[in-house]
1. Could you check the spin-label model distance between K333 and T272? Points 7 Å from the Cα along Cα→Cβ, value in nm.
2. At a 1.4 Å probe radius, carbon and sulfur cover how many percent of the accessible area of the chain?
3. Over all pairs of distinct alpha carbons, what does the Kirkwood formula give as the hydrodynamic radius of the stretch 235-308, in Å?
4. 222 nm [θ] for the chain, helices only, -39500 (n - 2.57) per DSSP H run of 4+, per residue, to 500?
5. With springs only between Cα atoms under 10 Å apart, run a GNM on the chain and tell me which of R181, R371, R112 wobbles the most.
6. Under the Karplus relation 6.51 cos²θ - 1.76 cosθ + 1.60, θ = phi - 60°, what is the ordered set of whole-Hz ³J(HN,Hα) values for the stretch 194-210, x standing for Gly and Pro?
7. Please list, or write none, the aspartates and glutamates whose alpha carbon is within less than 20 Å of the alpha carbon of K149, excluding same-chain residues fewer than 8 places away.
8. Counting only heavy atoms of the protein chains, get the accessible area per residue of the chain (1.4 Å probe) and round it to a whole Å² value.
Amino acid sequence: MGDRRPLRIGIIGAGLVGATAAIALSRLENVVVKAFERSPGPREEGAWISFNVSGLSILDRLIDLDQIQQILYRGDSNGAYVSRHWRTGEILALAHSSRHVAEKFTQARTHRVPVLNVLLSNVPAGTIQYGRSVLGTEVTEDGVRVNFKDSEPETFDLVVAADGIYSKIRQQYLSAKVEFRGAVAYRKIFPESQVSHIRGLPNDTSVWRGNGGFMFLSRLGLGMYGVVAIVPESPEFAATLKWARSVGSEGLQRLRQRFSNWDPIIDQVLQTMTDIDAYPLDSGPWMKELVRDDRIAFVGDAAHPTAGAYGAGSAMGYADCWALFRSLEQSYKRPKPNAPSIVESPVPPHLYDLPRALRLYNETRRHFLGRVELQMALDRNESAYLAEAEDEEEWIRRFKERHSNQIWLTEHDVEAEFQKTLAGEAHWLSQVEAAKGVKAHL
Ligand SMILES: Cc1cc2nc3c(=O)[nH]c(=O)nc-3n(C[C@H](O)[C@H](O)[C@H](O)COP(=O)(O)OP(=O)(O)OC[C@H]3O[C@@H](n4cnc5c(N)ncnc54)[C@H](O)[C@@H]3O)c2cc1C
């Protein structure tokens with residue numbers, strides 16, 4: 001056993017999910033973890049981000065959750081999304097966390113940069129290498145060779161692809177394109193003092209939904225306020241926009257026009273702003289199998305490429321990391337002191353059963369993720385259903401009929417799912433053994 005080396009893990013990408021993977025996988029026994037990020041340093045961009053119960057519960061297992069609690073905002077509705085009538089602002093529905101959920105895990109909002117900073121502060125020093133752009137991977141006899149733009153290749157036993165929605169690594173295996181899906185998110189955060197003079201501005205997280213899109217307004221904690229508008233746009237217009245770039249005062253004016261006959265409080269907020277950033281929303285088919293070649297695991301947007309999925313994208317990524325961590329932990333063959341040494345031929349270089357780990361990981365995640373992707377397809381019909389309502393009363397009736405809390409998604413328990421997978425594995429193995437026994441008697 002003494003001649004076994006640590007498992008070499010290479011993580012590609014150090015966004016929210018790559019950083020979480022680095023935290024989780026560094027806790028494994030007998031591993032060396034490196035993460036490669038093409039940006040020269042931590043990315044300082046991004047707008048507001050929602051945390052759901054699932055995301056907070058996972059981070060609680062990985063870091064001191066107080067670090068996150070300090071930057072969250074829950075407001076008067078205790079974190080619930082308050083759905084309002086697009087024109088009158090009347091409250092139509094509330095999306096609360098379940099009653100049994102502990103206070104610290106109830107859904108909340110904040111902004112992305114402090115979240116990334118908290119996560120990065122929990123990654124062991126020296127793990128992340130910035131300015132290292134990965135060109136691709138090749139599976140060799142010795143592992144997976146990772147090729148870089150400006151430096152020598154490095155080889156790993158396990159590669160974790162956390163390189164986001166346009167993942168180069170995913171494109172090596174799947175040709176399906178990530179394409180514009182018909183809507184643009186306009187987002188901005190700014191000091192809340194900018195809107196503190198607006199009388200009647202809700203002290204919660206509100207979403208106005210109309211036939212022309214969505215408007216989200218919320219305080220975000222740390223003295224900041226956030227605006228997110230999601231509106232349908234033509235592909236031609238979207239092609240003129242750049243990701244996370246300002247559309248300037250002209251673009252803001254255009255947006256104000258779109259919301260001019262909505263609840264007047266929306267325009268009062270927009271009037272305080274000088275510009276807003278555009279995020280043309282892209283999407284591609286999700287990976288049905290999250291592992292390849294017994295050596296590569298996909299996590300986060302690289303695995304489920306949809307920009308903006310129920311405000312749950314990063315939580316699904318944290319869950320991927322947790323499932324991968326637990327699968328590897330379970331597949332570690334801890335050396336027993338004084339055990340007679342069994343000579344395996346050839347001697348495996350490390351003590352992890354990687355094929356088993358990746359099977360467990362894939363099985364733990366694929367069913368849930370498949371269900372989320374299906375739900376998104378079903379929901380695409382919802383806008384048409386609402387738009388076809390013949391009058392306002394019917395519109396409200398349809399809205400309430402369709403509004404649901406999606407607890408199965410926002411409160412998904414990945415640890416329970418992992419336990420289920422393990423239990424299923426034991427059952428399957430026992431069936432195989434039983435079948436062998438039957439055969440022997442024939
Ligand atoms: C409008 C909008 C609103 C959203 N709102 C929410 C929300 O409220 N709540 C929520 O949970 N999620 C939300 N999301 C989704 C969430 O932002 C993503 O799911 C999450 O950021 C994905 O993280 P990631 O680490 O997988 O990918 P990314 O954040 O994209 O990180 C990938 C990293 O990989 C690096 N990289 C890429 N290619 C290479 C390469 N070749 N070599 C080296 N490094 C590379 C990139 O530089 C980047 O740092 C929203 C998304 C959008 C677009």
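The values are calculated or read from the model by the stated rules, or taken from the named source; none is laboratory data. Just so it is clear, the model here is predicted, and its values are computed rather than measured. Glycine also receives a Cβ, built like all others from the backbone with ideal geometry; neighbour counts cover every protein chain displayed. The protein model used for the area step is the full one, side chains on, heavy atoms only, and it has no ligands, DNA or RNA in it. Shrake-Rupley method; radii C 1.70, N 1.55, O 1.52, S 1.80 Å.
1. Rounded to a tenth, the inter-label distance reads 6.2 nm.
2. Working: 10680 of 20780 Å².
Here carbon and sulfur together make up 51 percent of the probe-accessible area.
3. Values: mean 1/r = 0.0657 Å⁻¹.
About 15.2 Å, per the Kirkwood formula over Cα pairs.
4. Values: 13 runs with 158 residues, N = 442.
Helices in the chain give a 222 nm mean residue ellipticity of -11000 deg cm²/dmol.
5. Residue with maximal mean-square fluctuation among R181, R371, R112: R371.
6. Using θ = phi - 60°, the values come out as 5, 10, 5, 7, 7, 6, x, 5, x, 9, 8, 9, 10, 10, 9, 10, x Hz.
7. Cross-link targets: E37, E138, D163.
8. Working: 20780 Å² over 442 residues.
For the chain, the per-residue accessible area is 47 Å².
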